Structure formats: structure tokens, C-alpha cells
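Okay, structure first, notes after.
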Amino acid sequence: MAQEAKIPQATAKRLPLYYRYLKNLYTSGKTRVSSAELSEAVQVDSATIWRDFSYFGALGKKGYGYNVQYLLSFLRETLDQDELTKVALIGVGNLGTAFLHYNFLKNNNTKIEMAFDVDQEKIGTSIGDVTVFSLDDLEEILTQEEVEVIILTVPAPVAQSITDRLVQAKVKGILNFTPSRLHVPADIRVHHIDLAVELQSLVYFLKHYSNQNDDEENL
């Protein structure tokens, strides 16, 4: 959609949250939801929700709220929920193994299709229903299977060298769970998720902003 390039990153990150809640509403048989109900459920203030939706035109009516089925269909198309995105995980340690067991079961369009590691005892085995391949075969398999999205859960010292190989394999996006800040070309998108930093941030906000909603930082 043409609008996607114009919306703020914070808005884009909230769209899957709205989609998940609306999907639950639709499953329960509810046909309409007010902005106040949506705000309370997803813990995002009404003004922010209105602003998020306004980037895509008139999605609701004042005094009526939102048609659940229409809004759900719109978000499904916007988020490409009908198209499966293949994901590969690199680094089958404790965190990586947890991801493989979970494997985004509640998401229609995201699935970890394969994993890579250097541990000979893990290579050739399956965790959940995901086969673990040798890291030596990384570029060949990713290119052959046309995998464009990577979850990176490797030790920090090797994160950049593996990322350099991912660049050669022409991946488009990396979800980085290592503390390393990765250097990639401009056409590759990296989302950094440092669990230690997030925990420290949470503790700080609990101490200093206990009465404020944590979503305010995304406005």
C-alpha cells in the first residue's frame, strides 16, 4: 500500500497489536468496538489510536466506533496476513530453542521454517517441527528457500560476521536479540531487541514514572 512508507514507525509497530485484539473480538462474535474499548484493551490512549488509523483514511465513525470485521479485514491486508513469510533462526541456544517451540503459533503469516547452529549434536535434529541445519550451509539454503527474514540469537562476538553472510544471502530483515549493534547496508532492516536493556528500562520507569503508561514513549 502506498501509505505504508509515510506512517511513523511507532504506528507500524502498533498495528499488529490492534490486529490481534480485533481478531479475538471477531472470533467471539462481536461486530462493533468503540475507541474507548479498544484503548482499554490494548493499553494505548484513544487519541493515539485515532491518529494511527487516520493515516489510512476514515476507518470508523464518530459515535459508532469501528466495524470489527471491516477493520480486521483492512489490517489483515495491510499486514499481509494472507501471505506466509518464511523465517530462519540462527543460534539454537536456550533462547533460540524457546522460539522454535513457540514458533509464533498465533500468527497466520509468520513461521520459523528452519534453524542453523554449529553444534553437531543439534544439526540434523528437529526442535518443535523445525529442522536444524549446519551453519556451514547458511547461504546456500537461505538463497535456495528464498528466506528473507532472520531471527538472530547467537553469541555477540559472532553476530557481525554472521550478519555479513546474511547480507550475501540477500536477506531483507533481521530481528537481532544479541547486544551487538549490527552494521548492514541501507536496504536491510534490523530491529534490535536487547532484553537486558528492556529490563533496565522497565525498572527505571517503575521507579520514576509509575503512574504513566509505557506506550507514551512510542508517541
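Read-outs: derived from the displayed coordinates by stated rules, not from any lab. Everything numeric in this text was worked out from a predicted model, so none of it was measured. Counting neighbours? That spans all protein chains shown, and the Cβs are built from the backbone with ideal geometry, glycine included.
Here are some notes:
- Across the chain, the volume of the C-alpha convex hull divided among the residues equals 145 Å³ per residue.
- Put a dot 7 Å past the Cα of ASP187, heading toward its Cβ, do the same for TYR102, and the two dots end up 3.2 nm apart.
- Residue-averaged 222 nm ellipticity for the chain, from DSSP H runs of 4+ at -39500 (n - 2.57), nearest 500: -13000 deg cm²/dmol
- Given LYS13/LYS172; LYS13/LYS207; LYS111/LYS170; LYS23/LYS172, the pairs whose alpha carbons are separated by over 23 Å: LYS13/LYS207; LYS23/LYS172
- FRET E, pair LYS172, ALA10, Förster distance 25 Å, beta-carbon r, rounded to 0.05: 0.75
- In this simple spin-label model, placing a label point 7 Å from the Cα along the Cα-to-Cβ direction at both GLN43 and SER28 gives a separation of 1.7 nm.
- Distant-in-sequence amide contacts of PHE116, defined by a placed amide H-H separation under 5 Å and a gap of 5 or more residues or a different chain, comprise LEU89, ILE90, GLY91, PHE133.
- Helix 195-208 axis, angle to the chain major axis (alpha carbon atoms, nearest 10°): 30
- 0 to 90° range, to nearest 10: angle between helix 9-28 axis and the chain longest Cα axis: 70
- Neighbour counts of C-beta atoms inside 10 Å place ILE193, ILE112, ILE90 in the sequence ILE193, ILE112, ILE90, starting with the fewest.
- Our coupling estimate for segment 46-51, obtained by passing each phi through the Karplus curve with A = 6.51, B = -1.76, C = 1.60 and θ = phi - 60°, is 4, 4, 5, 4, 4, 5 Hz, Gly and Pro reported as x.
- Here each label is just a point 7 Å from Cα along the line to Cβ, and for ALA196 and ILE141 those points are 2.9 nm apart.
- Normalised alpha carbon radius of gyration of segment 2-78 [divisor 2.2 N^0.38 Å]: 1.01
- Stretching the chain fully between VAL158 and ASP80 yields a gain of 24.8 nm (0.36 nm per residue, less the alpha carbon separation).
- Diffusion constant of segment 85-196 at 20 °C, which comes from Stokes-Einstein with the Kirkwood Cα-pair radius and 1.002 mPa s, µm²/s: 154
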